[in-house]
1. Conditions: (1) part of a helix (DSSP H, G or I); (2) open to solvent by 50 Å² or more (accessible area, probe 1.4 Å); (3) over 20 Å from E6 (Cα atoms). H121 meets all but one. Number of the miss?
2. Residues in segment 53-75: is at least one over 22 Å from T125 (Cα atoms), touching a helix residue (DSSP H, G or I) at 6+ places or on another chain (Cβ under 9 Å), modelled with pLDDT of 95 or more and not in a loop (DSSP other than H, G, I, E, B)?
3. Kindly establish whether C43 is touching a Ser or Thr at 6+ places or on another chain (Cβ under 6 Å) and not aromatic (F, W, Y).
4. Against the definition (surrounded by fewer than 18 Cβ atoms within 10 Å (Cβ to Cβ), touching a Phe, Trp or Tyr at 6+ places or on another chain (Cβ under 8 Å), within 23 Å of F8 (Cα to Cα) and among the small types (G, A, S)), how does S103 come out, yes or no?
5. Going by the structure shown, is R12 in a helix (DSSP H, G or I), touching a helix residue (DSSP H, G or I) at 6+ places or on another chain (Cβ under 9 Å), within 22 Å of Q129 (Cα to Cα) and not aliphatic (A, V, I, L, M)?
Amino acid sequence: MSGEIEDFIQYRIARALEALRESEILANSGHWNACVNRLYYACFYAVSALLAKYDLSSSKHSGLRSFFNRHFVKNGIIPKDIALIYNALYERRQEGDYEIYVSFKETDVRPWLRDAESFVHTIITLLEQNK
């Protein structure tokens, strides 16, 4: 793997961890829709790091999800219950960012904080195992 790709992977992982921290700040101040956005992006950054390692990329979020599901979930590398976190947050982020009258509640979002953290750390572990 080239140094440029490794740098990109490290950058995306740093962004994923930063987005998780941002989601905590937003949750603690009751900004639930913005929190969901950051949770999704934490997972997105982690997935883009993983895909980069295998020279897979897409300019669209749906394309990254497709590659992720095809190459890592379908093959059993990522358990389906873990992959569901990313896929569900994608849908919730779409709702929160683009549909009108969507207002997430604390009782919905709080569990997603732990789920997203688990997802990101699963990806980090997979990247570290395959260095």
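The values are calculated or read from the model by the stated rules, or taken from the named source; none is laboratory data. Since we're looking at a predicted model, the values are computed, not measured. Here the Cβ is made from the backbone with ideal geometry for all residues, glycine too, and neighbour counts use every protein chain on show. All accessible areas refer to the heavy atoms of the entire protein, side chains included, with ligands and DNA or RNA removed. Shrake-Rupley method; radii C 1.70, N 1.55, O 1.52, S 1.80 Å.
1. It fails just one condition, (3).
2. So far as segment 53-75 goes, no, none of its residues is over 22 Å from T125 (Cα atoms), touching a helix residue (DSSP H, G or I) at 6+ places or on another chain (Cβ under 9 Å), modelled with pLDDT of 95 or more and not in a loop (DSSP other than H, G, I, E, B).
3. Details: touching a Ser or Thr at 6+ places or on another chain (Cβ under 6 Å): no; not aromatic (F, W, Y): yes.
So C43 does not fit the description; no.
4. Working: surrounded by fewer than 18 Cβ atoms within 10 Å (Cβ to Cβ): yes; touching a Phe, Trp or Tyr at 6+ places or on another chain (Cβ under 8 Å): yes; within 23 Å of F8 (Cα to Cα): no; among the small types (G, A, S): yes.
When the stated conditions are applied, S103 does not pass them.
5. Working: in a helix (DSSP H, G or I): yes; touching a helix residue (DSSP H, G or I) at 6+ places or on another chain (Cβ under 9 Å): yes; within 22 Å of Q129 (Cα to Cα): yes; not aliphatic (A, V, I, L, M): yes.
Taking the combined requirement at face value, the residue satisfies it.
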